[in-house]
Amino acid sequence: MQETTEYSYLQATGKLEYNMTNDYMFRMVLQRDEETLIGLICSILKLQRESVLSVRIENAIDMGADVTSKEYQLDIHVSLNNDSYINLEMQIVNYKNWPERSLSYLCRRFDNVSKGKDYITVKPVYHVGFLDFTLFEDHPEFFGKYQMRNSKDKYLYTDKFNLYVVDLNHTELATDEDRTSGIDTWAKLFKATTWEEIKMITKDNPSMNSTAESIYLSNSDFEIRERCRIREDAIIHEKLVAEKLEAQAETIATQAEEINRLKKLLADNGIQE
């Protein structure tokens, strides 16, 4: 008779204290449960589970560790099968600089040729951003993949330099391919705010039981909850700062337009500045 596992999260009800959009919770869950990390990577890269021989988080932190110090980073650096690198990051504040920021991270990771080795040995790199905002408002997309290609005929320059963006707020735009690989289900799980939502997801996706259990265990850990709270407070502050900066930028732009209008008015009337 096959033994069944009783998961503690199945007894939980109501609102989650912290879900996976909290970047500290995101890191703790993926670091706590290797199967979750593998499942997410397989979904993103469209890999079969048996093709994953090894997966290692290169910048692991202690459970419940204080991350207010700059020595800690909440993006996750993963080595897959010792032949490719993946950077996973949860971001909910829109600083209007994601393309530049993500490319900077990706370029640093791409510089992985060992001393004395030929450049052909560079390992493929992937930067995967899970964004709680829409990156390009004029081009909404659930799962965007960006690579270096010829600007005329789209010929691929290299398949070793990959930047992926998952918009957590636009699962309705998921393609059939996205749904087949389950990326939209991961996005829904990350955004879930109640245990009832999580149980609905795992009912149809039993492979995510271990992920749900890791979310439950992490929410049950006082030290992890405290770090999540600190991150939540910091994120609220970051949002306020971002909104303030955006408002200031709009004010400056408006003032510049008014100055240019007045300059033109003076010039049109033959008045020197």
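The values are calculated or read from the model by the stated rules, or taken from the named source; none is laboratory data. Everything numeric here is computed off the predicted structure, so don't read it as measured data. Quick reminder, even Gly has a Cβ in these numbers, built from the backbone with ideal geometry, and neighbours come from all protein chains shown. Please note that ligands, DNA and RNA were not included when accessible areas were found on the heavy atoms of the full protein model with its side chains. Shrake-Rupley method; radii C 1.70, N 1.55, O 1.52, S 1.80 Å.
Please go through (1) modelled with pLDDT under 95; (2) closer than 18 Å to Tyr18 by Cβ for Leu266 and return the number of the only condition it doesn't satisfy.
Tallying (1) modelled with pLDDT under 95; (2) closer than 18 Å to Tyr18 by Cβ, Leu266 fails exactly one: (2).
Go through Tyr95, Tyr126, Tyr105 for me and flag whichever is assigned to a strand (DSSP E or B) and of a type in the set (Phe, Trp, Tyr). Spell out the reasoning first.
Working: Tyr95 fails: assigned to a strand (DSSP E or B); Tyr105 fails: assigned to a strand (DSSP E or B).
Step by step, each of Tyr95, Tyr126, Tyr105 is checked, and only Tyr126 is assigned to a strand (DSSP E or B) and of a type in the set (Phe, Trp, Tyr).
Give region 8-33 a look and list any residue that's among the polar types (S, T, N, Q) and assigned to a helix (DSSP H, G or I), or say none.
From region 8-33, those among the polar types (S, T, N, Q) are 8, 11, 13, 19, 21-22, 31; that's our starting set.
Once the filter is applied, which keeps residues that are among the polar types (S, T, N, Q) and assigned to a helix (DSSP H, G or I), region 8-33 yields Ser8, Gln11, Gln31.
Sort out which residues of region 109-129 are open to solvent by 60 Å² or more (accessible area, probe 1.4 Å), without any contact (Cβ under 8 Å) to a residue 40 or more places away in the chain and among the hydrophobic types (A, V, I, L, M, F, W, C), and write them in order of number.
The one that is open to solvent by 60 Å² or more (accessible area, probe 1.4 Å), without any contact (Cβ under 8 Å) to a residue 40 or more places away in the chain and among the hydrophobic types (A, V, I, L, M, F, W, C): Ile120.
Considering only residues that are touching a residue at least 12 places away in the same chain (Cβ under 8 Å), closer than 19 Å to Leu131 by Cβ and of a type in the set (Val, Ile, Thr), which ones fall in region 227-263?
Ile235
Residues of region 34-60 being open to solvent by 70 Å² or more (accessible area, probe 1.4 Å) and part of a loop (DSSP other than H, G, I, E, B), which ones? Don't jump to the end; show me each part of the working.
In the first step, residues of region 34-60 are kept if they are open to solvent by 70 Å² or more (accessible area, probe 1.4 Å); the result is 34-35, 46, 48-50, 53, 56, 58.
Passing the criteria: Lys46, Gln48, Leu53, Glu58.
Residues checked against (1) under 22 Å from Asp33 (Cα atoms); (2) among the charged types (D, E, K, R); (3) assigned to a helix (DSSP H, G or I):
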position: Glu172; (1), (2), (3): no, yes, yes
position: Lys188; (1), (2), (3): yes, yes, yes
position: Glu197; (1), (2), (3): yes, yes, yes
position: Asn209; (1), (2), (3): yes, no, yes
position: Ala212; (1), (2), (3): yes, no, yes
position: Ile236; (1), (2), (3): no, no, yes
position: Ala247; (1), (2), (3): no, no, yes
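How do the pairs read when you match residues in region 21-37 that are on the phi < 0 side of the Ramachandran plot with residues anywhere that are part of a helix (DSSP H, G or I) and basic (Lys, Arg), using Cβ under 7 Å and keeping only pairs 6 or more apart or on different chains?
Thr21/Lys191; Asn22/Arg231; Asp23/Arg231; Tyr24/Arg227; Tyr24/Arg231
Report yes if Asp233 is surrounded by 14 or more Cβ atoms within 10 Å (Cβ to Cβ), of a type in the set (Asp, Glu) and more than 30 Å from Tyr119 (Cα to Cα), otherwise no.
Numbers: surrounded by 14 or more Cβ atoms within 10 Å (Cβ to Cβ): no; of a type in the set (Asp, Glu): yes; more than 30 Å from Tyr119 (Cα to Cα): yes.
It is false that Asp233 is surrounded by 14 or more Cβ atoms within 10 Å (Cβ to Cβ), of a type in the set (Asp, Glu) and more than 30 Å from Tyr119 (Cα to Cα).
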